[in-house]
1. Residue 55 is checked against (1) in contact with a strand residue (DSSP E or B) (Cβ under 7 Å, 6 or more places away or on another chain); (2) loosely packed, with under 12 Cβ neighbours inside 10 Å and fails just one. What number does that condition carry?
2. For residue 48, are the conditions met, namely being surrounded by 14 or more Cβ atoms within 10 Å (Cβ to Cβ), at pLDDT below 85 and not in a helix (DSSP H, G or I)?
3. Would you confirm whether any residue within the range 35-45 is surrounded by 10 or more Cβ atoms within 10 Å (Cβ to Cβ), under 18 Å from residue 8 (Cβ atoms) and touching a strand residue (DSSP E or B) at 6+ places or on another chain (Cβ under 6 Å)?
4. Checking the conditions here, which among 62, 24, 9 is exposed (fewer than 12 other Cβ atoms within 10 Å of the Cβ), in a loop (DSSP other than H, G, I, E, B) and touching a strand residue (DSSP E or B) at 6+ places or on another chain (Cβ under 8 Å)?
5. Based on what the data block shows, is residue 78 touching a strand residue (DSSP E or B) at 6+ places or on another chain (Cβ under 6 Å), part of a loop (DSSP other than H, G, I, E, B) and either exposed (fewer than 12 other Cβ atoms within 10 Å of the Cβ) or free of Cβ contacts under 8 Å to residues at least 60 places away in the same chain (or both)?
């Protein structure tokens, strides 16, 4: 349904016939970590996230999974090599 509270006229998954069903009934503004993301929207009342109604919860346990400006580099699994076996392999 279309939002009637903060982001008027935009599609919102939390809007119902009774109003906004999200916690508190409104969307919250972006946090400092969201600056630079392509999902941020500037509305007359401030900057909001297009994908999440409360961006602070997405950043609570690390990086936001919806952030477009943060690269998620997977740590390479470096296998520990036994020096004794490595020296035996090099002699062959």
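The values are calculated or read from the model by the stated rules, or taken from the named source; none is laboratory data. Being a predicted model, the structure only gives us computed values, none of them experimental. Methodologically, a virtual Cβ is constructed for each residue, glycine included, from the backbone with ideal geometry; neighbour enumeration extends over all protein chains shown.
1. (2)
2. For residue 48, the condition - surrounded by 14 or more Cβ atoms within 10 Å (Cβ to Cβ), at pLDDT below 85 and not in a helix (DSSP H, G or I) - is not met.
3. yes
4. Of 62, 24, 9, the one residue that is exposed (fewer than 12 other Cβ atoms within 10 Å of the Cβ), in a loop (DSSP other than H, G, I, E, B) and touching a strand residue (DSSP E or B) at 6+ places or on another chain (Cβ under 8 Å) is 9.
5. Spelling it out, it is not the case that residue 78 is touching a strand residue (DSSP E or B) at 6+ places or on another chain (Cβ under 6 Å), part of a loop (DSSP other than H, G, I, E, B) and either exposed (fewer than 12 other Cβ atoms within 10 Å of the Cβ) or free of Cβ contacts under 8 Å to residues at least 60 places away in the same chain (or both).
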